[in-house]
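Peer 1: Submitted below is the structure of interest, expressed as structure tokens.
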Amino acid sequence: MKNILLGICGDSKSRAGRLWADLSEYAEIRREGITVQLYESAESYLRRKEPADVLLLNTELRGISGIQLKNLLAKRKSEEAILFVAEYSRSMKEAFGKNVYGFLEQPIRKESLFEVLDIVMEDLKKVPRSLGLPMDQDGRILLSSILYIKAADKYVEIYTDTGRKVGYYSLKKCEEVLDPTGFARVHRSYLIHFMHVAAVMNGHAKMSDGTEVPLARGTTKQVRKEFYAYRCSAFP
């Protein structure tokens, strides 16, 4: 694993103090290219250039609250693993939801923090949350934003919910990286993301943006079966 970003949202560096020190120590112990970043408010986090892989989120924020930020990120299909931090537990019930790993009550025991972070890191190893390959643009591409990927000569075109991006690697390499995350190779030139499939028709998959991605000859039945299996697992 590499280039992991741990974010603290809801405090100045001086007030974060102990938490900042503990996360920096964790990064040093793990030695896996972990960076710690501070965001003083939910608004500053929403203006970020790239999402954190793990976000330690204070429930009591000025302006947009920690709970509201969590809900906004869920609506945007953002993929941060969230750990809530608070001085009391009255917000615990509202805090839980998609990608929330826990609620840490202050003062936080370093051992408890490290234990939860280890669990999150193991999950990040199993399912990468961003396309960790070199791009022609700055930043990473969230897996949840990808609709489909098309092979084009010596590069691939990655179609996301915000537009088209180009990556200088093979479709086979994308397939290897994306295998456990709901993607399927449906044609020699296409990978699709089942999250954004509206329907599997005869000979093509209709994507959420209306694009019709061709299927390899004779594979409609199998692709439809895989799509239904994905939907059943994602929405039990």
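Read-outs throughout are calculated quantities, based only on the coordinates presented, and are distinct from any laboratory measurement. Everything numeric here is computed off the predicted structure, so don't read it as measured data. Because the Cβ atoms are built from the backbone with ideal geometry, glycine has one as well, and the counts that use them run over all protein chains shown.
Peer 1: Arrange the following residues from fewest to most other Cβ atoms within 10 Å of their Cβ: PHE114, PHE183, PHE103.
Peer 2: PHE114, PHE103, PHE183
Peer 1: May I ask for the percentage of alpha-carbon pairs in the range 4-126 that lie more than 24 Å from each other?
Peer 2: 17
Peer 1: Using θ = phi - 60° and the Karplus curve 6.51 cos²θ - 1.76 cosθ + 1.60, what whole-Hz ³J(HN,Hα) does each residue of the range 225-232 get, with Gly and Pro shown as x?
Peer 2: Whole-Hz 3J(HN,Hα) from phi for the range 225-232: 4, 5, 5, 5, 5, 5, 4, 5.
Peer 1: Right, here's the next one. GLY10's amide H: which non-local residues (gap 5+, or another chain) put their own amide H closer than 5 Å, with H modeled 1.01 Å from N in plane and none for Pro or chain starts?
Peer 2: TYR39, GLU40, SER41
Peer 1: Please compute the Kirkwood hydrodynamic radius over the range 143-234, one decimal place, Å, based on all pairs of different Cα atoms.
Peer 2: For the range 143-234, the Kirkwood estimate is 13.1 Å.
Peer 1: Quick check: pseudo-label points 7 Å beyond the Cα along Cα→Cβ at ASP153 and GLU176, how many nm apart are they?
Peer 2: Here the modelled spin labels are 2.4 nm apart.
Peer 1: List, in the order given, every pair from LYS75/LYS126; LYS125/LYS221; LYS150/LYS206; LYS49/LYS165; LYS75/LYS172; LYS49/LYS125 whose Cα-Cα distance in the structure shown is over 21 Å.
Peer 2: LYS75/LYS126; LYS125/LYS221; LYS75/LYS172; LYS49/LYS125, as the Cα separations exceed 21 Å there.
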